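K.L.:
After the structure tokens below, expect a handful of questions from me.
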Amino acid sequence: MDVLYTYPSYLDNIIERLTDRDWLVHNFDNVDDSDIYNFADYLYNKQAKGITYTIYLDLNIYQFILNAFKKSKPKQEFRDAIALVAFCQFAEIELDPTYAVYEKINYRKDDQVLNETVSDLELFHRINNINNSSLIEFALGDIDTVVPIASYAINSNVTRSNLTKYRRLREWDSLYLIVVYVIYISQLPNLSKLDKLTKVVEWMIVEFRLSLVGITFAAIYFSDKPMKRMMKYKTSDKSCAKQRSAFNMTWDLYNLDRYFRMWTERTPEQEGIFASGDKVFNAVLRKSIKVQKSSCLDLF
């Protein structure tokens with residue numbers, strides 16, 4: 001069945017901005033990274049095959065979207081994040097900020113944090129439901145103010161309860177232990193990078209558990225060319241800063257792990273994409289996807 005979709009010319013500018021950002025990571029077979037921005041593919045697959053698409057937002061993209069309204073002087077990151085919202089409206093893709101919201105709370109339960117988190121979530125939905133033309137004007141720099149819809153129905157008490165229902169999210173603690181062990185091994189003197197990687201992998205196999213994203217992170221970090229800012233932990237920091245850095249690294253691994261859970265546990269009619277402004281995160285995820293598809297570690 002042949003289907004023709006028409007679109008306004010300014011959508012090309014939106015797609016060009018998103019392509020330059022390279023925020024989206026996917027596991028689709030035989031789809032180049034540039035083709036991920038072909039809105040017609042999403043529309044056709046949804047209308048003809050009943051496939052729905054969801055983009056899972058990490059905290060930085062989520063915050064960029066919120067800051068488009070909160071900050072008086074919009075940065076280019078904020079405009080491009082709104083461009084992503086506009087593109088998703090065109091392509092009928094859902095935006096899911098769940099993991100970003102949990103990370104923003106970061107297991108803090110004081111009222112101020114919870115109130116701000118719920119307020120931000122409501123604001124996100126208000127922005128996500130703005131008329132598309134207004135989003136386009138802001139994204140392209142024609143206007144400097146995002147005006148969300150007046151209200152969005154959200155039960156604050158239920159949301160607060162759900163966000164604090166559990167002591168920890170599933171698998172978060174085990175990923176935290178992996179992060180702490182990688183940090184510990186990285187500090188050992190008189191060991192080559194290969195020896196450090198070997199120790200991490202052997203520990204996972206013999207003492208703890210395997211983690212695809214954990215091994216991928218360690219393989220890149222202990223390689224001859226690790227990416228900048230992979231290790232957020234600094235020995236010179238104070239103890240509270242060290243813990244905060246370990247927590248931040250754990251959230252990265254947790255979001256990576258959730259992507260694979262989504263991929264392997266989804267129904268055939270559901271597809272997911274991850275959006276992150278963190279280059280290290282995206283590199284680890286892309287490499288992990290290649291390992292998952294090949295079922296071996298030869299690419300390292």
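The values are calculated or read from the model by the stated rules, or taken from the named source; none is laboratory data. On a predicted model such as this, the values are computed, not experimentally measured, just so you know. Virtual Cβ from ideal backbone geometry, glycine too; neighbours counted across all protein chains shown.
K.L.:
Going through the stretch 167-177 one residue at a time, which ones are of a type in the set (A, V, I, L, M, F, W, C) and either touching an Asp or Glu at 6+ places or on another chain (Cβ under 7 Å) or over 18 Å from Arg261 (Cα atoms) (or both)?
P.N.:
Leu175, Leu177
K.L.:
Let me ask something additional. Does the stretch 79-132 hold any residues that are assigned to a loop (DSSP other than H, G, I, E, B) and basic (Lys, Arg), and which are they?
P.N.:
Kept after step one, since they are assigned to a loop (DSSP other than H, G, I, E, B), are these residues of the stretch 79-132: 92-93, 97, 106-110, 129-131.
Correct list: Arg108, Lys109.
K.L.:
Evaluate the following for Ile185: is it at pLDDT 95 or above, β-branched (Val, Ile, Thr) and farther than 20 Å from Tyr102 by Cα? Steps first, answer last, please.
P.N.:
Details: at pLDDT 95 or above: yes; β-branched (Val, Ile, Thr): yes; farther than 20 Å from Tyr102 by Cα: yes.
Answer is yes for this residue.
K.L.:
Scanning the stretch 250-289 for residues that are surrounded by fewer than 17 Cβ atoms within 10 Å (Cβ to Cβ) and of a type in the set (D, E, K, R), which turns out farthest from Arg17 (Cα to Cα)? I'd like the intermediate steps shown before the answer.
P.N.:
The initial filter retains those residues of the stretch 250-289 that are surrounded by fewer than 17 Cβ atoms within 10 Å (Cβ to Cβ), namely 261, 263-270, 279, 283, 286.
Filter once more, so that each one left must be of a type in the set (D, E, K, R): 261, 265-266, 269, 279, 286.
Values: Arg261: 30, Glu265: 32, Arg266: 30, Glu269: 29, Lys279: 16, Arg286: 21 Å.
Checked the stretch 250-289; the qualifying residue farthest from Arg17 (Cα to Cα) is Glu265.
K.L.:
Additional query: Residue pairs, Cβ under 8 Å, 6 or more apart or interchain, first in the stretch 213-231 and modelled with pLDDT of 90 or more, second among the aromatic types (Phe, Trp, Tyr) and in a loop (DSSP other than H, G, I, E, B). List them.
P.N.:
Pairs that qualify, where the first residue is modelled with pLDDT of 90 or more and the partner is among the aromatic types (Phe, Trp, Tyr) and in a loop (DSSP other than H, G, I, E, B), are Ala219/Phe300; Ser223/Phe300.
K.L.:
In the stretch 172-202, which residues are farther than 30 Å from Val85 by Cα and within 23 Å of the chain's Cα centre (by Cα)?
P.N.:
Taking the stretch 172-202 first, the residues farther than 30 Å from Val85 by Cα are 173-202.
Of everything in the stretch 172-202, those that are farther than 30 Å from Val85 by Cα and within 23 Å of the chain's Cα centre (by Cα) turn out to be Asp173, Ser174, Leu175, Tyr176, Leu177, Ile178, Val179, Val180, Val182, Ile183.
K.L.:
Could you please give the count of residues in the stretch 286-300 that are of a type in the set (Ser, Thr, Tyr) and assigned to a loop (DSSP other than H, G, I, E, B)? Spell out the reasoning first.
P.N.:
The first filter runs over the stretch 286-300 and keeps only residues of a type in the set (Ser, Thr, Tyr), leaving 288, 294-295.
Those still in the list that are assigned to a loop (DSSP other than H, G, I, E, B) too: 295.
Selection size over the stretch 286-300: 1.
K.L.:
Considering only the stretch 187-228, state which residues are farther than 15 Å from Ser288 by Cβ, hydrophobic (A, V, I, L, M, F, W, C) and touching a helix residue (DSSP H, G or I) at 6+ places or on another chain (Cβ under 8 Å). It would help to see each step written out before you state the result.
P.N.:
Filtering the stretch 187-228 down to residues farther than 15 Å from Ser288 by Cβ leaves 187-200, 202-203, 205-209, 222, 224-226, 228.
Cutting the leftovers down to hydrophobic (A, V, I, L, M, F, W, C) gives us 188, 191, 194, 197, 200, 203, 205-206, 208, 222.
Passing the criteria: Leu188, Leu191, Leu197, Val200, Trp203, Phe208, Phe222.
Okay, residues lined up against (1) farther than 19 Å from Lys104 by Cα; (2) assigned to a loop (DSSP other than H, G, I, E, B):
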{"position": "Gly214", "(1), (2)": "yes, no"}
{"position": "Phe217", "(1), (2)": "yes, no"}
{"position": "Met230", "(1), (2)": "yes, yes"}
{"position": "Lys242", "(1), (2)": "no, no"}
{"position": "Asp252", "(1), (2)": "no, no"}
{"position": "Gly277", "(1), (2)": "no, yes"}
{"position": "Val284", "(1), (2)": "yes, no"}
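K.L.:
Moving on. Being part of a loop (DSSP other than H, G, I, E, B) and surrounded by 12 or more Cβ atoms within 10 Å (Cβ to Cβ) is the filter here; which residues of the stretch 133-145 pass it?
P.N.:
Just the residues of the stretch 133-145 that are part of a loop (DSSP other than H, G, I, E, B), to begin with: 140-145.
Leu140, Ile143, Asp144 - these are the residues of the stretch 133-145 that are part of a loop (DSSP other than H, G, I, E, B) and surrounded by 12 or more Cβ atoms within 10 Å (Cβ to Cβ).
K.L.:
Checking Ala153 against (1) in the same structural domain as Lys71 (by TED's automatic domain parsing); (2) part of a helix (DSSP H, G or I): exactly one of these is not met. Which one?
P.N.:
(2)
K.L.:
Let me ask another. Go through the stretch 25-44 and give me each residue that's touching a residue at least 60 places away in the same chain (Cβ under 8 Å) and in a helix (DSSP H, G or I).
P.N.:
Answer for the stretch 25-44, where residues must be touching a residue at least 60 places away in the same chain (Cβ under 8 Å) and in a helix (DSSP H, G or I): just Ile36.
K.L.:
Scanning for something in the same structural domain as Asn255 (by TED's automatic domain parsing), surrounded by 18 or more Cβ atoms within 10 Å (Cβ to Cβ) and more than 30 Å from Leu114 (Cα to Cα), does the stretch 166-184 turn up at least one residue?
P.N.:
yes
K.L.:
Scan the stretch 121-175 residue by residue and report those that are among the acidic types (Asp, Glu), more than 19 Å from Leu18 (Cβ to Cβ) and at pLDDT 90 or above.
P.N.:
As a first pass, look at the stretch 121-175 and keep what is among the acidic types (Asp, Glu): 122, 137, 142, 144, 171, 173.
Going one step further and asking which of them are more than 19 Å from Leu18 (Cβ to Cβ), we end up with 122, 144, 171, 173.
Hits for the stretch 121-175 are Glu122, Asp144, Asp173.
K.L.:
Which residue is surrounded by the fewest Cβ atoms within 10 Å (Cβ to Cβ), if the candidates are limited to the stretch 29-54 and must be modelled with pLDDT of 90 or more and hydrophobic (A, V, I, L, M, F, W, C)? Even if it seems obvious, please write down each step before you answer.
P.N.:
Here is the first cut: in the stretch 29-54, the ones modelled with pLDDT of 90 or more are 36-54.
Remaining after also requiring hydrophobic (A, V, I, L, M, F, W, C): 36, 39-40, 43, 48, 51.
Working: Ile36: 18, Phe39: 19, Ala40: 14, Leu43: 17, Ala48: 10, Ile51: 16.
Restricting to residues being modelled with pLDDT of 90 or more and hydrophobic (A, V, I, L, M, F, W, C), the top hit is Ala48.
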